[in-house]
1. Name every residue in the stretch 44-68 that is over 20 Å from Leu105 (Cα atoms) and of a type in the set (A, V, I, L, M, F, W, C), in order of residue number.
2. All but one of (1) surrounded by 14 or more Cβ atoms within 10 Å (Cβ to Cβ); (2) closer than 22 Å to Tyr108 by Cβ hold for Asn39; which doesn't?
3. What is the residue count in the stretch 94-117 for residues that are surrounded by 15 or more Cβ atoms within 10 Å (Cβ to Cβ) and either of a type in the set (Lys, Arg) or in contact with a His (Cβ under 7 Å, 6 or more places away or on another chain) (or both)?
4. Restricted to the stretch 82-93, and to residues that are surrounded by fewer than 16 Cβ atoms within 10 Å (Cβ to Cβ) and free of Cβ contacts under 8 Å to residues at least 40 places away in the same chain, which residue is farthest from Asn9 (Cα to Cα)?
5. If a residue must be in contact with a strand residue (DSSP E or B) (Cβ under 8 Å, 6 or more places away or on another chain), free of Cβ contacts under 8 Å to residues at least 12 places away in the same chain and not in a strand (DSSP E or B), how many such residues does the stretch 39-73 contain?
6. When you go through (1) hydrophobic (A, V, I, L, M, F, W, C); (2) modelled with pLDDT of 95 or more; (3) in contact with a helix residue (DSSP H, G or I) (Cβ under 6 Å, 6 or more places away or on another chain); (4) under 21 Å from Ser21 (Cβ atoms) one by one for Leu51, which number turns out not to apply?
7. Might you let me know whether the stretch 85-96 holds any residue that is farther than 15 Å from Leu51 by Cβ, aromatic (Phe, Trp, Tyr), modelled with pLDDT under 95 and part of a loop (DSSP other than H, G, I, E, B)?
8. Taking the condition modelled with pLDDT of 90 or more, surrounded by 12 or more Cβ atoms within 10 Å (Cβ to Cβ) and under 16 Å from the mean Cα position of the chain (by Cα), does Lys18 pass?
Amino acid sequence: MYKRNKYWNKKVIINWIKFDSKKEAKYYQQLKLLERAWNIKDLELQPVFELQPKFSIFWKTERSIKYIADFMYYDNEKNKQIVVDVKSSFTAKNPVYRIKKKLLLYKYPNISFVEYN
């Protein structure tokens, strides 16, 4: 039996890169055009941000908390680091995502965060 994706999105492969949704793949193609036009540079897929390091308490080690965005790049016109997360209206309401987004914005105030819906 075929198992549906958790959020009902369809995985797509472009340039040998697997994306979690058609929307994310389309956004990647737009970013590649901007990169070719020298509007952006240093395009990175799935950048990882540590929100809280691992720690030990009462002989138990707790794992670190990480946020994995969809894209990160440097915008040459704005002179800023941009972090992008492509979300559907459904996944943007996920409580864990919302908490991690707030922690990201607090810990990394120098980045510009874009949520693409």
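1. Phe55, Ile57, Phe58, Trp59, listed by residue number.
2. Failing condition for Asn39: (2).
3. The qualifying residues number 2.
4. Only one residue tops the list, namely Lys93.
5. Number satisfying all stated conditions: 1.
6. Single failed check for Leu51: (4).
7. For the stretch 85-96, residues farther than 15 Å from Leu51 by Cβ, aromatic (Phe, Trp, Tyr), modelled with pLDDT under 95 and part of a loop (DSSP other than H, G, I, E, B): present.
8. In short, no.
The values are calculated or read from the model by the stated rules, or taken from the named source; none is laboratory data. The structure presented is a predicted model; accordingly, all values stated were derived computationally and were not measured. Cβ: placed from backbone, ideal geometry, glycine included. Neighbour counts: every protein chain shown.
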